[in-house]
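J.: Please read through the structure below; I'll follow up with questions.
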Amino acid sequence: MTDIWRYFQKAAKYELLTNFYKHIDPEKHLQCYQKHVHYLNLANKMKREKIYKQPSYVRFLCATDHIGKIDIYLNGKRVLKNVEFKKISHYITLPTGKYHIDIYPAGTQLSTLINKTLDFKPNTYYTLTIVGSNNEYQLIQYFDKKAIESPITSVRFINLRRPHQHVDVKIKNDKTLFTNVTYMQATDYISLTPMTGTIEIMDSMTKEIINTYPNITLKPNLAYSLVLIDGSLLLFS
C-alpha cells in the first residue's frame, strides 16, 4: 500500500471519528476533525506531486516548404537539427512545465522563424507543427492519443493542404470518415476495424476527388494521424 492511500485511509478513519464524537465530546470531535483535514491534505499533496512527476512527450512536424531545413531549440538548447519538410521527429521526453521554443533556419541562430512559450502537461503527447509561408509562420499544437482498446484502431485527420480548402476523407468504395475539414483543423479520433485500403481526399463542396492514396494500412492497438500536406498524405502513430 502506498503512502498516499495510507493517508487517505487515515483521513477516512478520522472522518468517521469526527462524526462519532460530534454530539458527545466536542473536544475529541475537534481533534479528530483536525487530524482528518491534516491527512487529507497530505494525501492530496502527494497525489499532485506524483502526477506532476510524470513527463510530457513532444514531437515536431515541418509542414512548410518555404524555409528549408530547420533547427529547434527548447529553453536555449538545440534538441533537433536539420528537420526537413514533411518529416516528423521522434517524441522528446521532457519534464512537465513551461518551455520557450525557438525555431531557426538550419545552422543559424541569427533570426528566429518562430519563438513561442508553451506549457506542457504531465503524461500528455503533443505534435507541434510548423506551418506558414512568406515569413509568416505558426507553431500549431495538436494533442495526440496513445491509449487504444484492443483490437480496434483509431485515426484522425489533419488538413494542412494548400491552397486552403475544405476537404472530405473517404475510404474508396466504402464510408466517409471525415467531412468539411478546414485548413489546420485536426478532427477527433474515430475507431475503426483494422484495415488496408485506399483513401480518397475530396473537395467538400464539389465532391471532386483531389487525390487518391492506395495501400493505407491501419493496424490494431494504434492511434494514427492522417496528415494531408500539399499533395502528400502522411500516416504516423
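J.: What's the FRET efficiency of residue 209 with residue 82 using the Cβ-Cβ distance as r and R₀ = 45 Å, to the nearest 0.05?
T.: On the way: r = 35 Å, r/R0 = 0.78.
For residue 209 and residue 82, the calculated efficiency is 0.80.
J.: Can you show me the helix-derived [θ] at 222 nm for the chain, built from DSSP H runs with n ≥ 4 at -39,500 (n - 2.57) apiece and divided by the number of residues, rounded to the nearest 500. Could you put the intermediate results ahead of the total?
T.: On the way: 2 runs with 46 residues, N = 237.
So the helix-based figure for the chain works out to -7000 deg cm²/dmol.
J.: Jot down the per residue volume, in cubic angstrom and as a whole number, of the convex hull over the alpha-carbon atoms of the range 56-144. Don't jump to the answer; show the numbers that get you there.
T.: Working: hull volume 7.1 nm³, N = 89.
Expressed per residue, the convex hull around the Cα atoms of the range 56-144 is 80 Å³.
J.: A further question on this structure: Would you tally the net charge around residue 165, using a Cβ to Cβ cut-off of less than 12 Å, leaving residue 165 out, and scoring K and R as +1, D and E as -1? Display every interim value, and only then the final one.
T.: Values: positive: 161, 162; negative: 168, 203, 208, 230.
With Lys, Arg at +1 and Asp, Glu at -1, the net is -2.
J.: In addition: Need one number: the % of Cα-Cα pairs in the range 153-236 sitting beyond the 19 Å mark.
T.: 28
J.: Something else about it: Any idea what angle helix 3-21 forms with the longest principal axis of the chain, computed on alpha-carbon atoms, 0 to 90 degrees, nearest 10?
T.: The answer is roughly 40 degrees.
J.: State, to one decimal in nm, how far the label point of residue 89 lies from the label point of residue 198, with both points 7 Å from Cα in the Cβ direction.
T.: Label at residue 89, label at residue 198, 3.8 nm between them.
J.: Another question, if that's okay. Can you grab the distance from the C-alpha centre of the range 170-230 to the C-alpha centre of the range 80-134, Å, no decimals?
T.: Cα centroid to Cα centroid, the span is 26 Å.
J.: State the antiparallel share, in %, of DSSP beta bridges confined to the chain, rounding to the nearest 5.
T.: 80
J.: Another question about this same structure. For Rg and Dmax of the Cα atoms in Å, several values are listed as (i) 24.9, 76; (ii) 19.8, 75; (iii) 25.1, 80; flag the one computed from this structure.
T.: Checking each listed value against the structure points to (iii).
J.: Sequence neighbours fewer than 8 away in the same chain don't count; with that in mind, list the aspartates and glutamates whose C-alpha is under 18 Å from residue 77.
T.: Candidates past the 8-residue exclusion: 102, 119.
J.: List the relative contact order of the range 102-203 as a percent without decimals, with contacts defined as Cα pairs under 8 Å and 6+ residues apart.
T.: 21
J.: Just to check I understand the Karplus step: with θ = phi - 60° and J = 6.51 cos²θ - 1.76 cosθ + 1.60, what whole-Hz values come out for the range 201-212, glycine and proline as x?
T.: Karplus-based 3J(HN,Hα) across the range 201-212 equals 9, 10, 5, 5, 7, 8, 6, 6, 6, 8, 8, 10 Hz.
Quick note: the coordinates plus some simple rules give every number you see, no bench work behind them. What you are looking at is a predicted structure, and each value in this text was computed from that prediction instead of being measured. When we count neighbours, we look across all protein chains shown, and the Cβ atoms used for this are built from the backbone with ideal geometry, even at glycine.
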